[in-house]
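Shown next, in structure tokens, is the structure this report addresses.
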Amino acid sequence: MSTMNVEIMRLRQGRIASTMTIILIIATFLVATLEAFARDTINALISLNRVIPNATQAQSMSPEDLAKLSLDQPGLQLTAAANAGGVGGVSPAALAMMIMGGLFITREYHFASMTSAAVALPRRGQLYRNKCAAAALASFVAAFGLTAVRLLVLFTALAVQRINLALDPFALVMSELRGLVTLVLCGVLGAGLGFLLRRQTVLLLLLGGLFVVESTFRSLATLTGADILHGCLPLSATGLSTQPGAQGWLAAGIVVAWSAIVVTWGAFCFNRRELTFSAL
């Protein structure tokens, strides 16, 4: 059996990738459905107020605000379709990919299976590449699933509401492709962080802190240059970001640069550190 197949088996046995992929797909389906049927949801809440007075505040929305929630708006269609969509200027899908890639690596340190893997394959460079490739494969499967769910919800909602696609099909494909690329790269970057940090708790605290910090900085992007922060870039790559700064393929290219830096640093440390350490 090839060493790459061994890494894929380890990935499957760990259940991290499959569990997070299932959670992501379910969450994505719920969010995409809410976005695609936003106006219908508000209208339903307004109807509820007629039965139960003041049950919600939906009636306070102006007709103009309600019209903006119509799926015939190109911006809303892109929001519903974007596989790297998010809130607060940061993509939760990108964060989830980094966590998944990082946990795949830190789990092996935690259970000392990294040492046995290194004994079976003494060439650390090849071992490092195999594990990063396995993380990339898991991220691709998860990102492809998110993309499929998003597009399925969008086109189902368009058919149900009898609305035409307002987006240019080529532009939509390019947006999905850029989002797919950035999400896979986020998984690889997470694997690099896993090699650097080696501890699951530290990894989760770091990524959670980055999510909060970048969400804050994103609102000040014109002052801080936060448009090049990693968590902000997937939205810019898909075309969802309204902030000035890197957009489209340029944003995806910056994600490539960030990932290359972290993965190269991780490889350097992996080749020079002892594999056994206290996981506490």
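Bear in mind these aren't lab numbers, they're just calculated from the coordinates by the rules spelled out. Bear in mind that the values here come from a model prediction, so they are computed numbers and not experimental data. Neighbour counts are summed over all protein chains in view; Cβ atoms, including those assigned to glycine, are modelled from backbone coordinates with ideal geometry.
Structural remarks
- Within-13-Å neighbourhood charge of Arg123 [Cβ basis; K, R +1; D, E -1]: +3
- Packing around the peptides 137-143, 268-274, 92-98, 150-156, taken as the average count of other Cβ atoms within 10 Å per residue, puts them in this order, highest first: 92-98, 137-143, 150-156, 268-274.
- Summary of packing: across the peptides 176-189, 193-206, the per-residue average of other C-beta atoms within 10 Å ranks them, highest first, as 176-189, 193-206.
- Per-residue HN-Hα couplings for segment 121-134 [Karplus 6.51, -1.76, 1.60; θ = phi - 60°; Hz; x = Gly/Pro]: 9, x, 6, 5, x, 5, 4, 4, 5, 4, 5, 5, 5, 5
- Segment 131-174 shape via C-alpha gyration tensor axes, a/c threshold 1.5: oblate
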